[in-house]
1. Give me the 1.4 Å probe accessible area per residue for the chain, excluding ligands and nucleic acids, in Å².
2. Can you give the Rg to Rh ratio for the chain, taking only C-alpha atoms and Rh from Kirkwood?
3. Would you mind calculating the relative contact order of region 21-89 from Cα pairs under 8 angstrom and at least 6 residues apart, reporting the percent as a whole number?
4. Express the carbon and sulfur contribution to the solvent-accessible surface of region 1-83 as a percent, rounded to the nearest whole number, probe 1.4 angstrom.
5. Starting with the highest mean, order 42-53, 12-23, 73-84 by the number of other Cβ atoms within 10 Å, averaged over the residues of each peptide.
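The values are calculated or read from the model by the stated rules, or taken from the named source; none is laboratory data. Every value quoted in this text rests on a predicted model; they were computed, and no experiment measured them. Cβ placement follows ideal geometry from the backbone for every residue including glycine, while neighbour counts extend to all protein chains displayed. These area figures cover heavy atoms from the full protein model, side chains too; ligands, DNA and RNA do not enter into them. Shrake-Rupley method; radii C 1.70, N 1.55, O 1.52, S 1.80 Å.
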Amino acid sequence: DKEKARDTLKEIGGITVFPSAANFFYVKLPQDINGAELRNRLISKHNLFIRECGNKIGPSSQFLRISVKPLEDMKRLKEALLKELYILH
């Protein structure tokens with residue numbers, strides 16, 4: 001369910017989750033996190049794909065597009081994000 005997916009992402013400190021009527025959320029990363037690097041780490045280390053949207057929103061790579069998935073998948077993504085954000089921060 002979309003609300004639970006959003007709530008799961010909002011549990012990650014330091015990111016901003018924007019409201020959305022679509023089946024995805026835009027997320028803004030902390031200032032010192034490179035979204036392209038984070039995306040690459042999620043793909044290579046966790047087999048998770050998110051879209052880095054710096055070329056579509058704003059002048060930096062701080063924006064991600066995360067699709068709504070079943071709650072278990074969102075929890076897996078949350079854990080991977082927490083781990084990688086800690087490493088990159």
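1. Using a 1.4 Å probe on heavy atoms only, each residue of the chain averages 60 Å².
2. For the chain, the value is 0.92.
3. 38
4. It is 48 percent, rounded to a whole number.
5. 73-84, 42-53, 12-23
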